[in-house]
Amino acid sequence: MPAVRVSALLLALSGLALAACDAAGPAPAPSATATATATTAVEASAAPTASSSAPETSAAPETSAAPETSAAPETSAAPETSVAPEPSATPGAIPDPPLLDDAGEPLPQTEDEPKQDALFDQRVQALWAAIVADDASLAKSFFFPVEAYEQVKAIPKPAADWQHRLWAHFERDIHQYHQQLGKDRARTKVVRVEIRNPAEWMAPGREGNKIGYFRTTRAYLHYLDAQGEERRLDLTSMISWRGHWHVVHLHGFR
């Protein structure tokens, strides 16, 4: 084939190829609608993650915590604050007469003669409880009070004499009677106090005393032993303070 005609044919083929490319044109750009749709889809897909954290941010049960903040039972505590003044007080017990006035000063002696009244009987029961338990403090209200002894005795340091002589001897005698009752002491029962000698007024100076008081000696403390037999213990000396008997020497004057 002549060269001129080959060249013409090649040019024609090249033009057809260019025309095909032009006819196809550039690749279409994504539309704005498609872009918005895709963006919305991406954001929507993230929504569950954001909303799923809602229970943690609200945490309603933890922030309310009503039972812990009110705590009404602990703050009221009415039963504990309304407890009676004296713990384990015996119902119907007769209160001990005061020894001091409202200003804290010792009340003075009186010349009232003591009697075996309801308070006396109550104190006898306390004395017996002290013997059974071997605990002299249970009968301290029946023992002559130190506040009275300081007014009565005309000696140096009467409070020390009361503590180291009178009270020490009382504790010793309580322990001796406790042992004397034996192993069945819990089954014993006090019956009565027998005052055998009438009350005698001891004027100042008769027993180293500055003020007077009534005195009785050699009384008996009657009780029933574990077998129900009546027995007795010595109650050596009682003196009065403001119209009531008090033990001074339980078993002997030593």
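The table that follows gives values for the structure above.
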| quantity | calculated |
| --- | --- |
| Filter result (hydrophobic (A, V, I, L, M, F, W, C) and buried (at least 17 other Cβ atoms within 10 Å of the Cβ)) within region 179-198 | LEU181, VAL190, VAL193, ILE195 |
| Filter pass, GLY252 being open to solvent by less than 60 Å² (accessible area, probe 1.4 Å), farther than 17 Å from ILE131 by Cβ and either at pLDDT below 95 or not hydrophobic (A, V, I, L, M, F, W, C) (or both) | no |
| Matching option when the condition is in contact with a strand residue (DSSP E or B) (Cβ under 6 Å, 6 or more places away or on another chain) and under 18 Å from TYR223 (Cβ atoms), among VAL132, VAL124 | VAL124 |
| Which numbered condition GLU150 fails, given (1) closer than 29 Å to LEU181 by Cα; (2) open to solvent by 60 Å² or more (accessible area, probe 1.4 Å); (3) not small (Gly, Ala, Ser) | (1) |
| Failed item, numbered, when ALA129 is tested on (1) in contact (Cβ under 8 Å) with a residue 12 or more places away in the chain; (2) surrounded by fewer than 20 Cβ atoms within 10 Å (Cβ to Cβ); (3) touching a helix residue (DSSP H, G or I) at 6+ places or on another chain (Cβ under 6 Å) | (1) |
| Conditions (1) within 19 Å of ASP121 (Cα to Cα); (2) open to solvent by 40 Å² or more (accessible area, probe 1.4 Å); (3) of a type outside the set (Phe, Trp, Tyr); (4) touching a His at 6+ places or on another chain (Cβ under 7 Å): number failed by GLN176 | (1) |
| GLY208 at pLDDT below 95 and farther than 15 Å from ILE174 by Cβ | yes |
| Residue within region 214-221 that is polar (S, T, N, Q) and loosely packed, with under 15 Cβ neighbours inside 10 Å present | no |
| MET238 vs. criteria surrounded by 14 or more Cβ atoms within 10 Å (Cβ to Cβ) and either under 14 Å from VAL124 (Cα atoms) or out of contact with any strand residue (DSSP E or B) (no Cβ under 9 Å at 6 or more places or on another chain) (or both) | yes |
| Residue in region 93-126 that is surrounded by the most Cβ atoms within 10 Å (Cβ to Cβ), counting only those that are among the charged types (D, E, K, R) and part of a helix (DSSP H, G or I) | ARG123 |
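The values are calculated or read from the model by the stated rules, or taken from the named source; none is laboratory data. Just so we're clear, the structure is a prediction, and the values are computed from it rather than from any experiment. Glycine also receives a Cβ, built like all others from the backbone with ideal geometry; neighbour counts cover every protein chain displayed. Surface areas here come from the heavy atoms of the whole protein model, side chains and all, with no ligands, DNA or RNA. Shrake-Rupley method; radii C 1.70, N 1.55, O 1.52, S 1.80 Å.
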